[in-house]
């Protein structure tokens, strides 16, 4: 049973990553969007180091949040259209695995490129080198949680307008935004930020089972 | 011989309208059920209800387990092919068959053999570039990856030429001989040996 679950997970990952790499817009669009949004701030506000550095936590996090929502609609829509989703619900394995695999793929094609690009964004916004690690840690936890939330939004908005899933997800992303920016701001002010990271970790730990199960239920509603 | 699946007085109502009403049949090993109905008569809904994707309003669906007991949940894996066929446009014909759970442990030669069996030679062509009929042939090749007790196939004979129709009939006959059953839908009776259920 365990090896069968692992097989299903690895097949979904292999297949969807192969498809994502063949359709490069899937991972390039959020990355370019993130970098463009971040670049606009020095252009609009001028190259004042202290101003940009104090705005950096909010700018990086808002750009990351919006960029990670760009590909949310695609999490299940193609599988729903081409009938692959039926296969998962008909197989005797827990549908939770499908959702978890889809969340992992979404993170790998949006969250991971954002994580890499955030270092460039930090340089553009004059974020001190000491704040790089807290920023990367907060984005690692936060973008993973955003992928979980995105999957739920995508399941609820399946077959409907593409923007609907982002609208569903945005209000629920406020705690992640607050915690994420607090981590970077605290590190900028030489304060302890571990508490914020722990809260983000707890949100992710609860989100993996909780949001995946809710997403399964939301997906099943589309068959009724 | 006990039926692998028993359907008794199954009804499904949506928005106060009966999609199908009081449908009953047994699926015996090696035997087929053909659900006949016009467009919108609820054939797809019936298949999805049998597989648990949609909840029935009335009636019972029971599945036989290996110990000879019946349960109101599915006890074995089935193959379902709806209208969409589950084929990925950005994968090649070969990859569409190879990157599936049921192809695990199979060699490239085995996959090529199955594709050849259904008349597909353009194995490196992307699925987006092939015809509807050829997509149906990929779906048929999936039947050969593993023997399932019951295959649920929605309108298998639509969009097919005579050669492909004969091929499906042959494949169904072969799988029937191995004890596999088919529950298929259609607008009119097909050439396969089956118990017809009109809805």
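FYI, it's all coordinate maths here, none of it is from the lab. The structure presented is a predicted model; accordingly, all values stated were derived computationally and were not measured. Reconstructed Cβ throughout: ideal geometry from the backbone, glycine too, with neighbour counts over all protein chains shown.
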*Just rank A:214, B:166, fewest to most, by other beta-carbon atoms within 10 angstrom.*
B:166, A:214
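List A:109, A:62 from most exposed to least, where exposure is judged by having the fewest other Cβ atoms within 10 Å. Mind showing how you got there, number by number?
Values: A:109 24, A:62 15.
Final ranking by Cβ density, sparse to dense: A:62, A:109.
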*When Cβ neighbours within 10 Å are restricted to other protein chains, what is their mean count per residue of peptide A:215-222?*
1
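Tell me the mean residue ellipticity at 222 nm calculated for chain B from its helices only (DSSP H runs of n ≥ 4, each -39500 (n - 2.57), averaged over every residue, nearest 500). Can you show the working numbers first?
Working: 5 runs with 52 residues, N = 199.
Calculated mean residue ellipticity at 222 nm is -8000 deg cm²/dmol.
Mind running the shape call on the stretch B:51-111? Use the C-alpha gyration tensor, a ≥ b ≥ c as the square roots of the eigenvalues: rounded below 1.5 for a/c, prolate if a/b tops b/c, oblate otherwise. All intermediate terms of the calculation are to be shown ahead of the outcome.
On the way: a/c = 5.16, a/b = 1.79, b/c = 2.88.
In terms of gyration-tensor shape, oblate.
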*Is the stretch A:2-223 best put as rounded, prolate or oblate by its Cα gyration tensor, with a ≥ b ≥ c the root eigenvalues, rounded for a/c under 1.5, and otherwise prolate when a/b is larger than b/c, oblate when not?*
prolate
*P(r) of the protein assembly as shown over all Cα-Cα pairs, binned every 10 Å from zero, in whole percent*: 4, 19, 26, 22, 14, 9, 5, 1, 0
_Neighbour-count ranking [beta-carbon atoms within 10 angstrom, fewest first] of A:198, A:135_ = A:198, A:135
*asked:* Could you tell me how far the Cα centroid of the stretch A:40-92 sits from the Cα centroid of the stretch B:36-95, in Å?
replied: 36
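Shielding by partners for A:73-83, please: the mean number of other protein chain Cβ atoms within 10 Å of each residue's Cβ. Don't skip to the end; give the middle numbers.
Working: counts 0, 0, 0, 0, 0, 3, 3, 1, 1, 8, 10.
Whole-number average of other-chain Cβ neighbours for A:73-83 is 2.
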*Let a ≥ b ≥ c be the square roots of the eigenvalues of the Cα gyration tensor of the stretch B:100-199; is it rounded (a/c under 1.5), or, if not, prolate (a/b larger than b/c) or oblate?*
oblate
_What distance in nm separates the two pseudo spin-label positions at residue A:92 and residue A:10, each 7 Å out from Cα along the beta-carbon direction?_
2.1
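Could you work out [θ]222 nm for chain A from helices alone, using -39500 (n - 2.57) per DSSP H run of at least four and dividing by all its residues? Round to the nearest 500 deg cm²/dmol. Don't skip to the end; give the middle numbers.
Working: 11 runs with 184 residues, N = 224.
Rounded to the nearest 500, the figure is -27500 deg cm²/dmol.
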_Within 10 Å of each Cβ in A:142-148, the average number of Cβ atoms from other chains_ = 0
